[in-house]
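Reading through the structure tokens given below for one structure.
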Amino acid sequence: MPRSPRSPLLLAGLLATAGVAHFAAPRSFDATIPKALPGKPRTWTYASGAVELALAAGLVLPKTRRTAALASAAFFVGVFPANVKMAADWRHRPTPQKAAALGRLPLQVPLVLWARGIAKNGEGQA
């Protein structure tokens, strides 16, 4: 992923957009919550949306950027089971939807590497 000076802000924008989507259209996210998790899917949907918004805010601020970037990398790893569940659940959907669900799986790797790259560059980049 890009390592331009705006890289932290681009990742923050991606996380903020995803976070808002969790609150604006929670039903689609509820369906991706693995059944093995305790509690209601909606709780996990809202919690993950809140985490994405917090991570986005942390990436914007130079003093918290490194910590937020490391936490973002861990978050991308942590949500991988939901992406696997979505790919499995969508395997019988029309090809474009199936392709989108499958495409999310390898996308996690560059997201993790992007966040780690931001952490490595530390604070001070805007």
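FYI, it's all coordinate maths here, none of it is from the lab. From a predicted model like this one, the values you see are computed outputs, not experimental measurements. Counting neighbours? That spans all protein chains shown, and the Cβs are built from the backbone with ideal geometry, glycine included.
Going Cα to Cα from Lys40, which lysines come in below 28 Å? Please leave out same-chain ones fewer than 8 positions away.
Lys40 reaches Lys85, Lys98.
Under a straight-distance cross-link criterion of Cα-Cα below 29 Å, which lysines are reachable from Lys120, leaving out those fewer than 8 residues away in the same chain?
Lys63
Quick one: angle between helix 80-89 and the longest Cα principal axis of the chain, in degrees between 0 and 90, rounded to 10, please.
30 degrees
If one takes the longest principal axis of the Cα atoms in the chain, at what angle in degrees, from 0 to 90 and to the nearest 10, does the Cα axis of helix 65-78 lie?
Rounded to the nearest ten degrees, it is 20.
Which of the peptides 29-38, 79-88 is most tightly packed, and how do the rest follow, judged by the mean count of other Cβ atoms within 10 Å per residue?
79-88, 29-38
How large is the helix-only mean residue ellipticity at 222 nm for the chain, computed as the sum of -39500 (n - 2.57) over DSSP H runs with n ≥ 4, divided by its residue count, in deg cm²/dmol to the nearest 500?
Counting only the DSSP helices, I get -24500 deg cm²/dmol.
Using the alpha-carbon atoms, what tilt in degrees (0 to 90, nearest 10) does helix 41-60 show relative to the longest principal axis of the chain?
Once rounded, the angle reads 20 degrees.
Compute, for segment 7-118, the length of the dipole vector about the Cα centre, with Cβ point charges of +1 (Lys, Arg) and -1 (Asp, Glu) only. Units Debye, rounded to 20.
120 debye
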